[in-house]
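Participant: My structure is below; once you've seen it, I'll send some questions.
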Amino acid sequence: MKVIEPNQKRFALVVASVLCVAIFSVIVGQALWSDIITFEKNGDNLKQCFPSMLKVVEYLKSGVLWGVDTGTFNGATEFFNRSNMSNMYLPMVFFGFLSSYIPDRLSYLLLYILQMFICSYFSVRLAQRFFSLDKKRACLFTCSIVVVALYESWYLSHYFVATLLCPALYAGFKSLDDQRKCVCILYAFSYVLCFTSGYIITSVALAIFVLLGTVIYGLLWKKELGWKIILKRSWIPFMIGGGVSFLYCLQLLLYVRDVVNSASSTISDALYFKLSTVDLKRIFSANFLSEAPIEQLPLITLGAFWLFIIAVILRYNTISKMQKKEQILFKMGIMINVIILGISLGEILPFALWFYSFVPVFGSMHLPMRYLMITLSIFYLGLTISTYYIPDLKNSKEVLRLSIISLGIVGILIIIQNNPLMNLKIDSRRLIIEFVLISLIFYFIYRYGLMERCTVALCCFFILLPGLTFFNESNEILLGKQVIIDRSIVYNMDEQDELDTFISALPEKDRYLYAAFDSVENVPDFLPGNYEWYGYSRHNLSNYMGYELQLSLPKDYLKSFPWFNQLDWRYIADTRGDFIVLDEKSIQDNKAILDIMVDWEKSNRWLNDIHRICILKKFIPLHYTGRPFVQDNLESLDNGYFYVYGLSNQNLIDFSTNDATYYKATIRSDAETSVTFLLYPNRFYHYYVNGEEIKPDIDNMRVYLPISKGINYISVNYENVMAKVSVLIFVFYYTICLVVSVFYISVKVRKEFNSKGGDNGR
């Protein structure tokens, strides 16, 4: 018999606090006791997630809520329309602003901690309040959910999705019990967070999953309400949240459809990141290594404990003993996740092709295994509930048999791991540790029983261990300070100063264009493509490259810069790039074109022992000469945004921009000519000359604006009505939420005060 235990909130707070301390203690220790934090210093966190938070705040402080990102890809991407980033996610905005008062890396760490705390707290509350699980089983379920979140911690948007799931489900389930109409606005807030959490496909999938989960829970556990009331109370918060987020999500999806290269949405690409049948051995243990590991592979790991529970369920035919509603939940959890695994197997099975061809939007996910971060919750919940119906197993000979079998299996694996015919790759050291722990668990089960406190505590630790290991490894907490400083300019003040000193010696401009790549066939670490987002430089920089490519760029730009370390030299020449950062091998590999592009006599400065700064020659755009790589030997009008052949910077009377939505210049010309707009011609740009809108000549991603003799007023404006309206809707909704929350809290406080006889005490 399931019993609702008292002090659930206090218990959830304790569990969430303990888990956060266990997960983040090492990194917090670095923040407190050393001068460097290794948390955000690798992979996507370094190159995209962390700097994007800083860039969001920079824009918002300047009053920019939409527009073009001039710091990457020469303005070819719309910052707030990047479909894989959490630029409108409210907690990230809050902690971004917090970075103005505390170290920015610490603020980023606190964002992670808060998300994990909320995830843990509401996982416990969800298990106890709505499924009447006791404390021990609530801990088992919560640890499983936390591990999924840890597996997704390498990428901020995925982490948001994984940590939002249980809080959103809790809000959805709670809305079924609340009849107050005004409070629906607050319940809708969880859906708004889901829709804005970042990676657009998984964000929308999360919101839909929460809606369906709420409806199913209502029909199974709250059927006394009647299906009409259940649908009404489930649907209204979703509709409000969806309505608030609709235009925002729509513009992201349209951006992907209209701007992103179609090659990123082909069936071939959808099958490229497929799950191999060989990798299915990871279901048993994370210590089975993959030949070609993919970023989402840890999600398929169930681990020995839950496999043991499954074995016990099958042995004792536990499913037949469960209540009808619990059976449905259990079977649904298995079915949904098996289907996703089948889809993830790519061309091995036909499901991936069917999914891609017949399921709009969601089928285009190039790595369907990502959906497991959402759907695994129902699987773990079903398994946890099933433990009420299995034997206690104290003094059970079945446990002894399993211990012997496990010992034999581990021994065999360790012996044959080096046999080339077996195609096994095993981390034997960790496998031994895993075996020792599962043997201890078997002993505790045999000695004390499955659900005794000491047994459950050991099981929780065992469940958490792979996630903690992955979290620490993915964040490279063992890296030494010097290694971190050497690998990226964003942690080396000396090299930042060297770069700024170099730029200061160049002719003064409002904006400096550069390219950076090295011979490493990966995302370059040393000078991140989004370096300008950090705001560390004293100059206004813009990179021809950026991160990441496939979800950011218009098709024609992506064709010219097809992947990392591949540059369109003609485009660089025509847009009059200022310098390039290269390693020695890259110089040798591109020697022929660099001899044309680089002024070697002035290019003797090195940022470090590996990377050299090379000054680029100045060329006249092809539009004027009809020939590429014609050097401009005159002092030309060029401020990094506008260029006029035959004029000098003295002809630029005035210039202003916010590097997002407008670029204004006043130019005096002695004759009729044209002005070259050096940024990528965005689809939402409107061009004005002397107050009159014109249709400019656009040639090979360059814009040419005609001007007449005399004073000319030029304006290029980003005019995206959908973006403006969506932001206004968000602001209006958040304001209403604030007002309703204040009102709701005041009423609640007043009622509690009156119930305690506050009026009589006066």
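Participant: Stretch Ser537-Ile412 to full length: gain in nm at 0.36 nm per residue minus the Cα-Cα span? All intermediate terms of the calculation are to be shown ahead of the outcome.
Facilitator: Details: separation 125, 0.36 × 125 = 45.00 nm, distance 5.67 nm.
Going from the current span to full extension adds 39.3 nm.
Participant: I need two numbers for the chain: Rg to one decimal and Dmax as a whole number, Cα atoms only, in Å.
Facilitator: 29.2, 98
Participant: Quick one: if the Förster radius is 45 Å, what FRET efficiency do Asn395 and Glu224 give, using the C-beta to C-beta distance and rounding to 0.05? Don't jump to the answer; show the numbers that get you there.
Facilitator: Numbers: r = 42 Å, r/R0 = 0.93.
The formula returns an efficiency of 0.60 here.
Participant: So for region 589-654, averaging the separation of alpha carbon pairs under 8 Å that are six or more residues apart and normalising by length, what relative contact order in percent results?
Facilitator: Values: 74 pairs, mean separation 12.1, N = 66.
Dividing the mean separation by the residue count of region 589-654 yields 18 percent.
Participant: So, one more: For region 60-80, list residues with backbone N below 11 Å from a point placed 7 Å from the Cα of Leu250 toward its Cβ?
Facilitator: Residues passing the 11 Å test: none.
Participant: List the residues of region 140-178 whose backbone N lies under 18 Å from a point placed 7 Å from the Cα of Lys751 along the Cα-to-Cβ direction.
Facilitator: What the label zone holds, given the 18 Å backbone N cut-off, is 174-178.
Participant: Sticking with this one: Once you wrap a convex hull around the alpha carbon atoms of region 291-391, what is its projected area averaged over all directions, in nm²?
Facilitator: On the way: hull surface 30.7 nm².
Seen from a random direction, the Cα hull of region 291-391 projects 7.7 nm² on average.
Participant: On to the next question. Nothing charged except the Cβ atoms of Lys and Arg (+1) and of Asp and Glu (-1): what's the magnitude of the dipole of region 86-151 about its Cα centre? Round to the nearest 20 debye. Kindly include the intermediate steps, with their values, before the conclusion.
Facilitator: Details: 6 positive and 2 negative charges, 66 e Å.
Here region 86-151 has a charge dipole of around 320 debye.
Participant: Here's something else I'd like to know. Going through the DSSP H helices of the chain, which span 20 Å or more along their own axis at the Cα atoms while scoring at least -1.0 as a mean Kyte-Doolittle hydropathy?
Facilitator: Values: long enough: 8-33 (35 Å, 1.64); 104-125 (32 Å, 0.90); 135-151 (24 Å, 1.24); 156-175 (28 Å, 0.95); 200-221 (31 Å, 2.31); 227-258 (40 Å, 0.83); 324-344 (30 Å, 1.03); 372-386 (21 Å, 1.91); 397-416 (29 Å, 2.04); 428-448 (29 Å, 1.14); 453-474 (32 Å, 1.30); 721-755 (51 Å, 1.29).
In the chain, the long hydrophobic H runs are 8-33, 104-125, 135-151, 156-175, 200-221, 227-258, 324-344, 372-386, 397-416, 428-448, 453-474, 721-755.
Participant: Okay, next question. Distance between Cα centroids, region 87-165 to region 654-689: provide it in whole Å.
Facilitator: 44
Participant: Counting helices only, and only those DSSP H runs with n ≥ 4, report the 222 nm mean residue ellipticity of the chain as the sum of -39,500 (n - 2.57) divided by its residues, in deg cm²/dmol to the nearest 500.
Facilitator: On the way: 26 runs with 385 residues, N = 762.
Mean residue ellipticity at 222 nm (helix-derived): -16500 deg cm²/dmol.
Participant: Normalised by the number of residues in the chain, what is the relative contact order in percent for Cα pairs under 8 Å and 6+ residues apart? Spell out each step's value before the answer.
Facilitator: Values: 1172 pairs, mean separation 113.8, N = 762.
Computed value for the chain: 15 percent relative contact order.
Participant: Any chance you could run the full-extension gain for Ile433 through Lys695? It's 0.36 nm times the residue separation minus the Cα-Cα distance, nm to one decimal. Mind showing how you got there, number by number?
Facilitator: Values: separation 262, 0.36 × 262 = 94.32 nm, distance 6.86 nm.
Extending this stretch completely gives an extra 87.5 nm.
Participant: Can you tell me the dipole magnitude for the chain around its Cα centre, using point charges on the Cβ only (Lys, Arg +1; Asp, Glu -1), in Debye to the nearest 20? Write out the running numbers ahead of the final one.
Facilitator: On the way: 69 positive and 65 negative charges, 947 e Å.
Here the size comes out at about 4560 debye.
Participant: Taking R0 as 56 Å, what's the FRET efficiency between Leu212 and Asn717 from their Cβ-Cβ distance, rounded to 0.05?
Facilitator: 0.85
Computed from the coordinates by the stated procedures, all read-outs in this text should not be read as laboratory data. As the structure is a computational prediction, the values presented were derived from the model and not from experiment. Note: ideal-geometry Cβ built from the backbone for every residue, glycine included; neighbour counts use all protein chains shown.
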